[in-house]
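Student: Here it is: the structure, laid out below.
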């Protein structure tokens, strides 16, 4: 597909005797947000981890015209991919400032981070483990936004957050996605409807559907079949 | 009272030796998940390099300058040996725990055999300046100089490592890596560089312990490093893997416990108490005293 930044072809992941992914193929556009949807255990996070080289995979992953399948994660990230993992994974015994410093690459943009999350500027010396879930998510997002990335890979950024924090995080992601393409895993369909343009649905490790998010969320029968829920009309 | 102070100082001297041997081990174990069973060999590398250097420079009565050069040479040799071991043997085997154990045990055995071939199986008298075998008077108490040297060296290494961990980028990577190595890599950090640096630092500290251990015990032998490794592993587990502060506290507890129990109960009972303490920590607080905090 022309204009795609990331092309995934026949991505398969095996863990022992278990086949986790069965040859998934999809594209991530060079602008806006592409969301991966699916029921619990469908293979969404596995797909992200395989793309990032955290899991051994077969198939092809092409990023910005270069084959990157099974490339060491740190090398792939340094090509311009910011990663926000599921469950934040901040370093609890490091301060907020140290968490951010660890993510610094060539020219860290603290102004961008503190404009989006002004609270973090005041909490530099606070240990990340003592922050609330929402604040930890901001640290996790800030680590990815600190550098000039070409793609952001974000796994369930609103999971376990209060509605007010979900609104803040969604607004921040919407602002970010205007300048950097995002590959998102998200279960909250309201958030998906606000952020995502393209959608990829996986089911039991297989590609179940791919297309326009709006088309998916407008089709109650389709969302019920693919996701087990009826989406509210966006 | 004098006996208690003397036991405390010699116990702290022993604790300092344990800390030097264990400090690198704990960082390597915490960051890279590598239990380097050849770490004791690095203690011997330091001891024998210092012995060769001191003997070459000053015969059986080296000057303070000679022994200082010998200790520096031993420490440098330990750092170099650790780096070579990491790059050539450990690096190809990261995340292959069983193979790591096999190769580090094999290296340890081969190293001891090599030392025996070159210098024999009998202990070698460690040449040292006369003042290291005398005592200093501190607050009216006579304390052995060889213990003070070890305590001062261990305190310097503790402060140096703490500053390194808190104020350098590699130190930051180590502290984060002990908590969540995969996430450090996912931030674009090549942790392999940190692994090598930590190995080199650990090798230097262990070798420093070996060199100063020669002064402390007055003799070195090929199996000294391997014997020390057993207590060093105990200190790492009690202190909490990856924790320098925990290692310092655990080494102090182990050194003092061993010394006092050996004196007041029976020779050898101290070693038994250390094993009992180790078992208690593993059962009650398996994460160790520090519980995952690096510095």
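Student: List the equivalent ellipsoid semi-axes of segment A:1-136 in whole Å, largest first, each obtained as the square root of 5λ for an eigenvalue λ of the Cα gyration tensor.
Tutor: On the way: eigenvalues 190, 66, 40 Å².
Taking √(5λ) for each Cα gyration eigenvalue gives 31, 18, 14 Å.
Student: Would you mind getting me the FRET efficiency between residue B:131 and residue B:72? Use the beta-carbon distance for r and R0 = 25 Å, nearest 0.05.
Tutor: Details: r = 19 Å, r/R0 = 0.75.
The computed FRET efficiency comes out at 0.85.
Student: Which of B:233, B:4, B:173 comes first, and how do the rest follow, when ranked by fewest Cβ neighbours within 10 Å?
Tutor: On the way: B:233 21, B:4 12, B:173 24.
Lowest count first: B:4, B:233, B:173.
Student: Let me ask something additional. Who wins for biggest fluctuation among A:97, A:29, A:69 in a Gaussian network model of chain A, springs between alpha carbons below 10 Å?
Tutor: A:97
Student: What does DSSP give for the protein assembly as shown in terms of the percent of beta bridges that are antiparallel, rounded to the nearest 5? Working shown, then result.
Tutor: On the way: 28 of 45 bridges.
Approximately 60 percent, going by the DSSP bridge assignments.
Student: For segment B:2-284, just the Cα atoms, rotate onto the principal axes and tell me the three extents in Å, largest first.
Tutor: 56, 44, 34
Student: While we're on this one: For chain A, what proportion of DSSP beta bridges, expressed in % and rounded to the nearest 5, is antiparallel? Can you show the working numbers first?
Tutor: Numbers: 22 of 39 bridges.
That works out to approximately 55 percent antiparallel.
Student: Sticking with this structure for a sec: Please identify, among A:176, A:35, A:61, the residue showing maximal mean-square fluctuation in a Gaussian network model of chain A using a 10 angstrom Cα cutoff.
Tutor: A:176
Student: Apply the Kirkwood formula to chain A: the hydrodynamic radius equals the inverse of the mean of 1/r over all pairs of different alpha-carbon atoms; give it in Å with one decimal. Could the numbers behind the result be given before it?
Tutor: On the way: mean 1/r = 0.0555 Å⁻¹.
Kirkwood radius, chain A: 18.0 Å.
Student: Over what distance in Å are the Cα centres of segment B:207-243 and segment A:101-159 separated?
Tutor: Using only Cα atoms to place each centre, the spacing works out to 42 Å.
Student: In which sequence would A:28, B:261, B:254 go, from the one with the fewest C-beta neighbours within 10 Å to the one with the most?
Tutor: Values: A:28 25, B:261 19, B:254 28.
Ranking A:28, B:261, B:254 by Cβ neighbours within 10 Å, fewest first, gives B:261, A:28, B:254.
Student: Then there's this: By how many degrees, 0 to 90 and rounded to 10, does the Cα axis of helix B:145-167 deviate from the longest principal axis of chain B?
Tutor: Helix B:145-167 sits roughly 20 degrees off the main axis of chain B.
Student: Given the -39500 (n - 2.57) contribution per DSSP H run of 4+ residues, what per-residue ellipticity at 222 nm results for the protein assembly as shown, rounded to the nearest 500 deg cm²/dmol? It would help to have the intermediate numbers written out before the result.
Tutor: Values: 20 runs with 300 residues, N = 529.
Computed ellipticity for the protein assembly as shown at 222 nm equals -18500 deg cm²/dmol.
Student: Taking only Cα atoms and a 10 Å spring cutoff, compute GNM fluctuations for chain B and point out the largest among B:13, B:218, B:234.
Tutor: With Cα springs under 10 Å in chain B, the top fluctuation among B:13, B:218, B:234 is at B:218.
Student: Can you work out the base-10 log of I(q)/I(0) for the protein assembly as shown at q = 0.08, 0.09 1/Å, using the Debye formula on its C-alpha atoms alone?
Tutor: Cα-only, vacuum Debye calculation for the protein assembly as shown: -0.62, -0.74.
Student: Ok, one more. Taking Cα pairs under 8 Å and at least six residues apart, what relative contact order does segment A:143-187 come out at, in percent? Display every interim value, and only then the final one.
Tutor: Details: 35 pairs, mean separation 26.3, N = 45.
Relative contact order here is 58 percent.
Student: Please give the helix A:163-177 orientation as an angle from the longest Cα principal axis of chain A, in degrees from 0 to 90, rounded to the nearest 10.
Tutor: Result, in degrees: 80.
Student: Moving on. Average the reciprocal distances over every distinct pair of alpha-carbons in segment B:1-114, invert the result, and give the Kirkwood radius in Å.
Tutor: Values: mean 1/r = 0.0630 Å⁻¹.
So the Kirkwood estimate lands at 15.9 Å.
Student: Only counting other Cβ atoms within 10 Å, I'd like B:247, B:104, B:137 sorted with the fewest neighbours first.
Tutor: Details: B:247 32, B:104 22, B:137 8.
Ascending Cβ contact count within 10 Å gives the list B:137, B:104, B:247.
Student: Taking the Cα centre of each part, how many Å lie between segment A:185-234 and segment B:44-118?
Tutor: 61
Student: Something else now. Any chance you could give the angle, 0 to 90 degrees and rounded to 10, that helix B:169-186 forms with the longest Cα principal axis of chain B?
Tutor: For helix B:169-186, the angle is close to 40 degrees.
Student: Note down the relative contact order for segment B:2-284 as a percent, whole number, built from C-alpha pairs under 8 angstrom at least six residues apart.
Tutor: Working: 486 pairs, mean separation 109.7, N = 283.
Value for segment B:2-284: 39 percent.
Student: Relative contact order for chain A using alpha-carbon pairs under 8 Å, separation at least 6, rounded to a whole percent? Walk me through the numbers before you get to the answer.
Tutor: Values: 473 pairs, mean separation 59.9, N = 234.
Reported relative contact order: 26 percent.
Read-outs throughout are calculated quantities, based only on the coordinates presented, and are distinct from any laboratory measurement. All values reported here derive from a predicted model rather than from experimental measurement. Using ideal geometry, Cβ is built from the backbone for each residue, glycine included, and neighbour counts are taken over all protein chains shown.
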